[in-house]
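*Asks:* Take this structure first; my questions come after.
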Amino acid sequence: MKQSHLFTRTRREAPADEVAKNAQLLVRAGYIHKEMAGVYSYLPLGLRTLNNIIRIIREEMNAIGGQEIVMTALQDKALWERTDRWDDAKVDNWFKTKLAVGGDTGLAITHEEPLTRIMAAHISSYRDLPAMVYQFQNKFRNELRAKSGVMRGKEFMMKDLYSFAKSSEEHEAQYAATRAAYIKVFKRFGLAKRTYPTFASGGVFADFSEEFQTVSEAGEDTIYVDEEKHVAVNKEVLTDEALAKLGLDRARLVEKKAIESGNIFHLGTRFSEALGLAFTAEDGTKKPVIMGSYGIGVTRMVGILTEVFADEKGLVWPAEVAPFAMHIVSLGKKGDEISKTADALYEDLVKAGVEVLYDDRELRAGEKFADSDLLGIPRRIVVGKDAVATGDFEVVERVTGEVAKIPRAELFS
């Protein structure tokens, strides 16, 4: 991508109606556009970043046997009434509307019900289990607190995976595999050290569920961390009884603010029993399928990574997430030797399969460097007089700020 062709533009000032750091920086850098409170469009750089997040999650979900689908956003009222989750008194953040032909529909807030019904058409025997199914899809929630930028929205993308098992032991194996996959995902995001599996309320299905909480001052949750064991407890379940069950010592726990970046739940048989998802066991008896639910906020992750890694100059993306691997900044003018050198480097890197953003605009060096810092691409390659004369290019690492002179050939390794 040549920056002169990019229709988006950076902004020097943060938008006055945004209070969250993530929204301020993402709007300034041209990654997102605000439609209304809690609703954002993703522009070319933002979409590339979002797609990299999706790719990482998809690879890890596929690795544990997940099969990807896409379900509908429009929901069947009758289906949700069967699980007692349509009534606003039970779930109060639905977006609902009247159908022209009569009746009501809602925009999905989660997908346990429709997927359970889908699986009921495909699971009948113990031979059909276990199974794991996931999707990436926009969810809609009539959120009252839409003041955290892309971390809390009325419309947002989530990866939701659901597991289906014939026994508790099989379900526990699925749960453990997904938990391990989540740890790999957060490691690839560069968040391993600051993201903790966190014990939280388990509802009616188990004593505890688990959240993945990423430590940040922008967080809305309070967690208590055991650094040595690299686990945490949500404030909501911080009781002596809970700590005893978990084998944790209150004296070793450190209070931190954190952002919930994922969660994994034991669903038991609530949905399968309500919606008729059963299988015939080896002994010929009918049994309800045991389910689990596992979520990661995909658009929320864009905000989390911004909150955690951004500095006073702008965005700072981990290598696997960044929209481009390199940012070439040419200090020349159209047709001169500097521009020709930058053009040739860009073309050769693209041919080599390197994802490159090329700032070929005719602006002052200071403006280009400021934009480069704001965009947060991991490596900046500066093409100036020295590069033309020596063949060595100034390379600036965005994360560390380290500057090095690197021969052209080494840029491809």
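*Asks:* What number of residues within the stretch 302-336 satisfy the criterion of being under 20 Å from ASN52 (Cβ atoms) and not in a loop (DSSP other than H, G, I, E, B)?
*Replies:* Residues in the stretch 302-336 being under 20 Å from ASN52 (Cβ atoms) and not in a loop (DSSP other than H, G, I, E, B): 12 in total.
*Asks:* Next question, about the same structure. For the stretch 168-197, how many residues meet the condition of being of a type in the set (Ser, Thr, Tyr) and out of contact with any helix residue (DSSP H, G or I) (no Cβ under 9 Å at 6 or more places or on another chain)?
*Replies:* Counting residues in the stretch 168-197 that are of a type in the set (Ser, Thr, Tyr) and out of contact with any helix residue (DSSP H, G or I) (no Cβ under 9 Å at 6 or more places or on another chain) gives 3.
*Asks:* Go over the candidates VAL237, VAL289, VAL321, VAL233 one by one and state the one that is among the β-branched types (Val, Ile, Thr), out of contact with any Pro (no Cβ under 9 Å at 6 or more places or on another chain), in the same structural domain as PRO197 (by TED's automatic domain parsing) and crowded, with 20+ Cβ neighbours inside 10 Å.
*Replies:* Every option except VAL289 fails the conditions.
*Asks:* Can you tell me which residue is nearest to the chain's Cα centre (by Cα) among those in the stretch 355-369 that are outside any strand (DSSP E or B) and under 19 Å from LEU411 (Cα atoms)?
*Replies:* Step by step, filter the stretch 355-369, then rank; the result is GLU355.
*Asks:* Still on this model: Read through the list (1) of a type outside the set (Asp, Glu); (2) in contact with a His (Cβ under 9 Å, 6 or more places away or on another chain); (3) at pLDDT below 95, then give the number of the only condition that GLY38 fails.
*Replies:* Here GLY38 meets the rest and fails (2).
*Asks:* Which residues, taken from the stretch 44-68, are without any contact (Cβ under 8 Å) to a residue 24 or more places away in the chain and closer than 18 Å to TYR182 by Cβ?
*Replies:* Passing the criteria: ARG55, GLU59, ASN62.
*Asks:* Let me ask something else. Checking the conditions here, which among ALA37, ALA63, ALA108, ALA89 is over 27 Å from THR280 (Cα atoms) and crowded, with 18+ Cβ neighbours inside 10 Å?
*Replies:* ALA108
*Asks:* I'd like to check which strands (runs of 3 or more DSSP E) are fully inside the stretch 13-115 and have at least 3 residues that are out of contact with any Asp or Glu (no Cβ under 7 Å at 6 or more places or on another chain) and closer than 27 Å to LEU357 by Cβ.
*Replies:* 32-36
*Asks:* Taking GLN137 and the conditions (1) within 22 Å of THR306 (Cα to Cα); (2) touching a Lys or Arg at 6+ places or on another chain (Cβ under 9 Å); (3) part of a loop (DSSP other than H, G, I, E, B), which numbered condition does it fall short on, given that it satisfies the others?
*Replies:* All conditions pass for GLN137, except number (3).
*Asks:* Right, next: Which residue pairs have Cβ atoms closer than 9 Å, lie 6 or more positions apart in sequence or on different chains, and pair a first residue in the stretch 12-32 that is over 17 Å from MET301 (Cβ atoms) and free of Cβ contacts under 8 Å to residues at least 40 places away in the same chain with a second residue that is polar (S, T, N, Q) and not in a loop (DSSP other than H, G, I, E, B)?
*Replies:* From residues that are over 17 Å from MET301 (Cβ atoms) and free of Cβ contacts under 8 Å to residues at least 40 places away in the same chain, the pairs are ALA14/GLN24; PRO15/GLN24.
*Asks:* Still on this structure, I have one more. Select from the stretch 370-413 the residues that are part of a helix (DSSP H, G or I) and within 15 Å of ILE338 (Cβ to Cβ) and list them in ascending order. Outline the logic, then answer.
*Replies:* Residues of the stretch 370-413 part of a helix (DSSP H, G or I): 370-375, 385-390, 408-412.
Residues satisfying the conditions are LYS385, ASP386, ALA387, VAL388, ALA389, THR390, ARG408.
*Asks:* For the list (1) surrounded by 20 or more Cβ atoms within 10 Å (Cβ to Cβ); (2) under 23 Å from TRP86 (Cα atoms); (3) not hydrophobic (A, V, I, L, M, F, W, C), I need the number of the one condition that SER148 fails.
*Replies:* Evaluating SER148 over (1) surrounded by 20 or more Cβ atoms within 10 Å (Cβ to Cβ); (2) under 23 Å from TRP86 (Cα atoms); (3) not hydrophobic (A, V, I, L, M, F, W, C) leaves (2) as the failure.
*Asks:* Hey, does the stretch 39-57 have a residue that's farther than 27 Å from ALA325 by Cα and out of contact with any Leu (no Cβ under 9 Å at 6 or more places or on another chain)?
*Replies:* Yes, some residue in the stretch 39-57 is farther than 27 Å from ALA325 by Cα and out of contact with any Leu (no Cβ under 9 Å at 6 or more places or on another chain).
*Asks:* If the requirement is being modelled with pLDDT of 95 or more, more than 16 Å from TYR182 (Cβ to Cβ) and among the acidic types (Asp, Glu), which of these qualifies: ASP207, ASP226?
*Replies:* Going through ASP207, ASP226 in turn, the sole match is ASP226.
The values are calculated or read from the model by the stated rules, or taken from the named source; none is laboratory data. These numbers come from a predicted model, not from an experiment. Virtual Cβ from ideal backbone geometry, glycine too; neighbours counted across all protein chains shown.
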